[in-house]
């Protein structure tokens, strides 16, 4: 405790200086604006900002990077809600309920909930990180391949929340995503799978162009089709509505659980925001007040995904700072900023440079506050832009997402992938398949396969490894319960109907 | 000319698509198509090009083949369910509005234009450059959607293309294709 207090005492003057506050405010603003553009990843933004940190004191340099990361992590929900286009994979679960709410004329409410619950998740995770960063970092070592498989399964269990018209079609959509995820170089043997001699496919299907195609292009095509019919009506969202205290209390259960999920998944190297938001969405449904509304326009669904998505940032920093093991690309960039200043992450960091570590925590907390301020400025503007007349809005979305697809790969390959997935997404929507479940498979596929093969390799092919590890067993059991929920509900409905 | 109702951004009507009645024969065809696609994927994945390294534990084809087997099985199950539904309930005549709804997308020029635009844009960009290529694509799409409003298809593409160029090329330092016709 003494170490924490002395760390804060050393850090506060730097962070709360005019220079410090300006760095955090500008960092969050850059993150919020650029993060809302599909194709611009947190990693790209942090890479661009990295050279600016070289001339800054270590605390300010890290504060700038953490602020950009926080801002971008939040703002990817804005296009997800308004135009059904997640700017990153971590906002895919937000599109499921957020865009439905927008279509129902409640987009302003969804935006408000995403902002405030994101703030709560980010701030709560920062507080937890501050208090128990070292044990939290060491907890990352508990997770072996069997546990990773359990987490991947838990994320995949979210398909039960996405089943709209047909559960089998939703599972088939997830299997399609898993199948697509196998394309590329096999990390264990170096074998090329389904690359058909195309060099660019060696790295696998690029995620951002695939998401952009599946969600944005197919959505625009569907909306363009509806321009012909008289059934097209205006959305009723006119302004951003922040959730009341009563609503926040009502969302408290889901928000609390999602914060915990965000922190735990965040500390697991390689998992990241997308896995966290899918797992939180899936788990959130289990404890929600209105689980039946998940997938049909639920504020609880938006809160679950966005809280975890924002809590991940602090969770991800725990192993980076405490062990020197970065769990994601943005965390690795932050670690490189530390190394440039001659500061080595690890357990000794807390005794040698406490002002840097606790300065970063204060900056993270402040970044969450600035996130609300910038969010309140940007959201009404975004809402207004989303209500532009469709003949102008739809081509604009196409231009934005194509530029994003190009930027994410740095070549036309990304655009061609987006185009191909646009056609696939359009057909999936026409025939009631779930694009969200496909992305779920695409995101979780590599983690699922890698951990499955690694665990079986460790156990010499004995599948008992998945049930002899307590954490893995628990995660698998919870996943099975979630998977079986649609069947249980269907059976209950049938028995009630028979009784009636 | 487009009416005011048509001009607006799609809203609650989009949610109503879930109310469409089931189409057992179409669903059965979908199930069979999916089964064929997954089976094809399984066969293709067995042609994995080895890098000559020894396989430790399960090999590189285990996972894709597993997915293919599960996918094919589930798709066939779906087709069988659809067939049973058709058997039990007969083959109901689709209402006129449903028939229109299922036929329309494949005849509509607007969604086709949207889905073709990325390919044409990508092919043209190395020659036209980002600014000219994006401006041309946006202008053509807006003319297609709303030919009556000349001001819209003159101003909007110009503003958005310039904004995108400034964001990506100047602010984010992404190297966009330059004009290369000359």
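The values are calculated or read from the model by the stated rules, or taken from the named source; none is laboratory data. On a predicted model such as this, the values are computed, not experimentally measured, just so you know. Using ideal geometry, Cβ is built from the backbone for each residue, glycine included, and neighbour counts are taken over all protein chains shown.
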Q.
Can you tell me which condition residue B:44 does not meet? The list is (1) within 8 Å of chain A (Cβ to nearest Cβ); (2) modelled with pLDDT of 80 or more; (3) touching a helix residue (DSSP H, G or I) at 6+ places or on another chain (Cβ under 8 Å), and all the others hold.
A. (3)
**Q.** Residue match in the range A:51-69 (condition: in a helix (DSSP H, G or I), within 13 Å of chain B (Cβ to nearest Cβ) and surrounded by fewer than 23 Cβ atoms within 10 Å (Cβ to Cβ))
**A.** yes
Q) Just one of A:100, A:106, A:192 is touching a strand residue (DSSP E or B) at 6+ places or on another chain (Cβ under 6 Å) and over 28 Å from residue A:471 (Cβ atoms); which is it? A) A:192
Q) Only one residue in A:157, A:152, A:181, A:110 is touching a residue at least 12 places away in the same chain (Cβ under 8 Å), crowded, with 24+ Cβ neighbours inside 10 Å and over 24 Å from residue A:451 (Cβ atoms), so which one is that? A) A:110
Q: Run down B:142, B:120, B:114 and say which single residue is modelled with pLDDT of 90 or more, touching a helix residue (DSSP H, G or I) at 6+ places or on another chain (Cβ under 8 Å), surrounded by 15 or more Cβ atoms within 10 Å (Cβ to Cβ) and under 28 Å from residue A:411 (Cβ atoms).
A: B:120
Q. Right, residue A:488: assigned to a helix (DSSP H, G or I) and either surrounded by fewer than 13 Cβ atoms within 10 Å (Cβ to Cβ) or within 14 Å of chain B (Cβ to nearest Cβ) (or both) or not?
A. yes
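For residue A:231, are the conditions met, namely being crowded, with 23+ Cβ neighbours inside 10 Å, at pLDDT below 85, within 12 Å of chain B (Cβ to nearest Cβ) and in a loop (DSSP other than H, G, I, E, B)? Break it down stepwise before answering.
Working: crowded, with 23+ Cβ neighbours inside 10 Å: no; at pLDDT below 85: yes; within 12 Å of chain B (Cβ to nearest Cβ): yes; in a loop (DSSP other than H, G, I, E, B): yes.
So residue A:231 does not fit the description; no.
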Q: Filter the range A:187-207 down to residues that are part of a loop (DSSP other than H, G, I, E, B) and either under 25 Å from the mean Cα position of the chain (by Cα) or in contact (Cβ under 8 Å) with a residue 60 or more places away in the chain (or both), then give me how many there are.
A: 5
Q. Which of (1) part of a loop (DSSP other than H, G, I, E, B); (2) surrounded by fewer than 24 Cβ atoms within 10 Å (Cβ to Cβ) does residue A:252 not meet, given it meets every other one?
A. (1)
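Mind telling me which of the residues A:173, A:91 ends up being closer than 20 Å to residue A:214 by Cα and modelled with pLDDT under 85?
A:91
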(Q) What pairs come out if I take residues in the range A:362-389 that are within 13 Å of chain B (Cβ to nearest Cβ) and pair them with residues that are surrounded by fewer than 21 Cβ atoms within 10 Å (Cβ to Cβ) and part of a helix (DSSP H, G or I) whose C-beta lies under 6 Å away, six or more apart or interchain? (A) A:389/B:7
